[in-house]
1. Near Lys15, within a Cβ-to-Cβ distance under 11 Å, what is the net charge of the other residues, with Lys and Arg +1 and Asp and Glu -1?
2. Assuming 0.36 nm per residue, please report the length gained on full extension of the stretch Val138 to Asp36 beyond their Cα-Cα distance.
3. If the chain between Arg151 and Lys21 were fully stretched, how many nm would it gain, using 0.36 nm times the residue separation less the Cα-Cα distance?
4. Counting only residues 5 or more places away or on other chains, whose amide H sits under 5 Å from the amide H of Leu167 once H atoms are built in the peptide plane?
5. Return the long-range amide H neighbours of Ser30 (sequence gap of 5 or more, or a different chain), with a cut-off of under 5 Å between placed amide H atoms.
6. Run the numbers on segment 96-196 and let me know its relative contact order in percent, using alpha-carbon pairs under 8 Å that are six or more apart.
7. Provide the per-residue ³J(HN,Hα) series for segment 36-44, in order, calculated from phi with Karplus coefficients 6.51, -1.76, 1.60 and θ = phi - 60°, each as a whole number of Hz, with x at glycine and proline positions.
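No value in this document is a laboratory result; all are computed from the given coordinates. Small disclaimer: the values here were computed from a predicted structure and weren't measured. Reconstructed Cβ throughout: ideal geometry from the backbone, glycine too, with neighbour counts over all protein chains shown.
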Amino acid sequence: MTRELAQKAVVLYEKQDRREKRRLLDVVCSNSQWRDGRLLPTYRKPFDLLASTNMTYTKTEAASPMESGFCPIGSLNPLKDRTFRIAFRLTDGEAAYRKKTKPSRRYRNPIILAQEWQKVSEMGDCRSLADLARKLGVSRARVTQVLRLLRLTPEVLQKIVALGDPLPSPVVTERVLRSIVNLPREQQTQWSQKYL
């Protein structure tokens, strides 16, 4: 299907109305840049491989496709009338992309994160929570939520910090701690004895 779309892309594009042209471009291209008066598209996979193969073929000025080792996309090998063959050479980066490695998950300790953000705000670079939010690249409401965790009792804070950072699993989540901040001191202590 990808090969057929690549072969018919120009014809399909020219026949469609503006909205359909835009959808077709969204399927093929991810981003485009305007540089030195030229539009440089960035193709999505697998169209990037098709485009690079086609560009390699265009650059080779061999007398025939058989001499250069490349065949233009969509053209047939002259020796075999019904065969379509195309070879892709994967670089190390693309080979790593194909490997299915599961990234290890990191769980930040919410109290240590709040302490780090508080240190940044106290260093004097940020005059308000909005300035801190801009510096960190998060919303002001998010900064308020995280810093509010520091209102827990000192005993609870100490136990949570003792767990370390990053946490091996989501033992203590920010969501749970947000609900505990509003509890009276005794109930916070009971919670920490039960769950920590």
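1. Numbers: positive: Lys8, Lys21; negative: Glu14, Asp17, Glu20.
Here the count lands on -1.
2. Gain in length upon complete extension: 33.2 nm.
3. 41.3 nm
4. Placed amide hydrogens put Tyr107, Arg108, Asn109 under 5 Å from Leu167.
5. Answer set, sorted by chain and number: Thr42, Tyr43, Arg44.
6. On the way: 88 pairs, mean separation 35.1, N = 101.
Taking the mean separation of contacting Cα pairs over the length of segment 96-196, I get 35 percent.
7. Running phi through 6.51 cos²θ - 1.76 cosθ + 1.60 with θ = phi - 60° gives 6, x, 10, 8, 10, x, 10, 8, 7 Hz.
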